[in-house]
Amino acid sequence: MFAQFLRYEDPLCLGYRTPCLPAVTVALGVELSMLCRDIAPFSVGPRPRLRLGFDDAYEDSPWWWVCDSWPVGSADPTVATPPASDVPTLVALGRFAPYSPEPATRRALAGLTAASYVTDPERPHNVLPRPCAAGVRNRWTDKPEPFTDNPCPKESEISWT
């Protein structure tokens, strides 16, 4: 079964693997070793974290059974420990991020006590090329002090003419 997975991995690009473009090359062994050693042993199944509508698509992820055939052991539990620091940190998010929604990201990074969050109200991910987020990043880089309010709170106006 594992050999079939390796041979026919293209269907997994639809929702399970993001680097499946022809221009992107990955070392599948490294990818599986990281998943099966550093992530899977410390993860509960995806079902409890999903919202209505996603259960059918992600409940039986093939990644979990692949780890049964990829004997890399389990990493030290400290790899699953959330980060903790009082160093100023800028976290840039997209309001529509499917894999890292803002509430879950804030919970995961709660130990970063000096974190500042900028959330682009219109994007799912890769928000830094957008003018507001890029401006916030540039100002924060010059003066990395925590801020509490989202500096990019409004959507841009859509011109219908």
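The values are calculated or read from the model by the stated rules, or taken from the named source; none is laboratory data. Predicted, not measured: the structure shown is a model, and the values here were computed from it. Glycine also receives a Cβ, built like all others from the backbone with ideal geometry; neighbour counts cover every protein chain displayed.
For residues in the stretch 73-95 being farther than 25 Å from ASN138 by Cα and touching a helix residue (DSSP H, G or I) at 6+ places or on another chain (Cβ under 8 Å), which is surrounded by the most Cβ atoms within 10 Å (Cβ to Cβ)? Per the stated criteria, the residue is ALA75. Considering the stretch 96-148, and only residues there that are charged (D, E, K, R) and touching a Gly at 6+ places or on another chain (Cβ under 7 Å), the residue that is surrounded by the most Cβ atoms within 10 Å (Cβ to Cβ) turns out to be ASP120. The set of residues from the stretch 118-149 being β-branched (Val, Ile, Thr), more than 11 Å from ALA92 (Cα to Cα) and in a helix (DSSP H, G or I) comprises just one member, THR141. How do the pairs read when you match residues in the stretch 138-161 that are over 13 Å from SER116 (Cβ atoms) with residues anywhere that are modelled with pLDDT of 70 or more and not acidic (Asp, Glu), using Cβ under 8 Å and keeping only pairs 6 or more apart or on different chains? As it stands, the answer is PRO153/PRO121; LYS154/PRO121; GLU155/PRO121, since those pairs meet every condition given. Looking only at residues of the stretch 96-117 that are part of a loop (DSSP other than H, G, I, E, B), farther than 17 Å from TRP140 by Cβ and of a type outside the set (Ser, Thr, Tyr), we find that the one that is farthest from the chain's Cα centre (by Cα) is GLY111.
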